[in-house]
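Readers should treat all values here as calculations from the given coordinates under stated rules, not as data from a laboratory. Computed from a predicted model, the values in this text were never measured in an experiment. Methodologically, a virtual Cβ is constructed for each residue, glycine included, from the backbone with ideal geometry; neighbour enumeration extends over all protein chains shown.
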Amino acid sequence: LVNDSHSKMYNLLPEDVHQAARMLQGEKAWSMVAGAQPGADGTPTFDVALFVGYHARAGHGRGTIAHTYSVRPIETRLDGRPTGEYGLNAMILGAWGIPVGLVSGDDALADEVAEWLPWAERVVVKQADGNHSAISVHPTVARDRVRAGAEAAVHRAAHGARHPLRILDVERPVVIEVDYGRGVVADHAAIVPGAVRVGDRTVRYVADDPITAYRGFLAINRLAGAVD
């Protein structure tokens, strides 16, 4: 299953996708992890997740197009550690029993992923030159690197390896904090039940489990986007 996940989530051309794949497009309530929910009996629906075309977290000093879900968060922390989309998505997928086997993007992202998901294949297809610039390899080279990394990740998930894939586990209760650029944005985000306004521009959301925490983060971030 290919989840088209950037911006309005209508980026990929269906005719360019492999015939064996199914593609999930359009704006989704569960965003980048839509379609990965467990079956009715609670068993995982997939053996592995591959994060292709990712980027560094919001607030990163040089990561190309560094942000976290939108341009609103200045920094997002999970259990007190700054993280990006890779960390939050890995958290919810881990709760559903799905490990992350690959993350591709720039070298700044690879450094972050090495700390959060050290078992995942880290495919570097560009060198970050700044938040709005990068030195990229040729698209054919990038595709070859991603294909090789994906093959290795899928092989490990399907057949096991010396270093098996793991899921991201977080402390309980789960604490997510988001810093925003303006107090009015934090005011709107903190309207979500369970959210708490902290300091000048921060909203904290605490939940007993990763699934509730992820849903709370999505609600907070979407309300933050409603402010002009």
Given axes a ≥ b ≥ c from the Cα gyration tensor, I'd like to know whether segment 46-153 is rounded (a/c under 1.5), prolate (a/b larger than b/c) or oblate. oblate
Taking a point 7 angstrom from the Cα of VAL175 along the C-beta vector, which residues in segment 59-95 have backbone N less than 13 Å away? 77-82
If we count trypsin sites (Lys or Arg not before Pro) as exposed when they sit in a DSSP loop and have at most 15 other beta carbons within 10 Å, what is the longest stretch of the chain that avoids them all? 29-161
Would segment 101-183 count as rounded, prolate or oblate if I go by the C-alpha gyration tensor, calling it rounded below 1.5 in a/c and otherwise prolate when a/b exceeds b/c, oblate otherwise? oblate
In whole angstrom, the spacing between the Cα centers of segment 1-66 and segment 101-115 equals 16 Å
Relative contact order as a percentage, segment 62-132, C-alpha pairs under 8 Å and 6+ apart, gives 38 percent
The chain: antiparallel bridges as % of DSSP beta bridges, rounded to 5, reads 70 percent
Taking Cα centroids, how far is segment 172-224 from segment 116-138 in Å? 29 Å
Among (i) 17.4, 51; (ii) 38.9, 150; (iii) 17.7, 59, the entry that matches Rg and Dmax of the Cα atoms in Å as calculated here: (i)
Summing -39500 (n - 2.57) over every DSSP H run of at least 4 in the chain, dividing by its residue total and rounding to the nearest 500, the 222 nm mean residue ellipticity is -9000 deg cm²/dmol
Here the net charge surrounding GLY87, from other residues whose Cβ is less than 15 Å away from its Cβ (Lys, Arg +1; Asp, Glu -1), is -4
What is the extension gain from ILE211 to THR43, computed as 0.36 nm multiplied by their sequence separation minus the C-alpha to C-alpha distance, in nm to one decimal? 59.0 nm
Only four residue types carry charge here, +1 at the Cβ of Lys and Arg and -1 at the Cβ of Asp and Glu. Report the dipole size of the chain about the Cα centre in Debye, rounded to the nearest 20. 60 debye
Once amide hydrogens are built 1.01 Å from N within the peptide plane, the residues lying 5 or more places from ASN3 or on another chain with amide H under 5 Å from its amide H are LEU24
Charge dipole (debye, nearest 20) of segment 34-146; +1 at Cβ of Lys and Arg, -1 at Cβ of Asp and Glu: 240 debye
Cα gyration tensor category, rounded, prolate or oblate, for segment 155-228 with a/c compared to 1.5: prolate
Net charge near ALA128: determine it from the other residues with C-beta under 10 Å of the C-beta of ALA128, scoring Lys and Arg +1 and Asp and Glu -1. -2
For a quick check: with amide H placed at 1.01 Å from N, whose amide H comes under 5 Å from ASP129's, ignoring anything fewer than 5 positions away on the same chain? ALA134, ILE135
Counting only other residues whose beta carbon sits under 11 Å from that of ASP107, what net charge do I get with K and R as +1, D and E as -1? -1
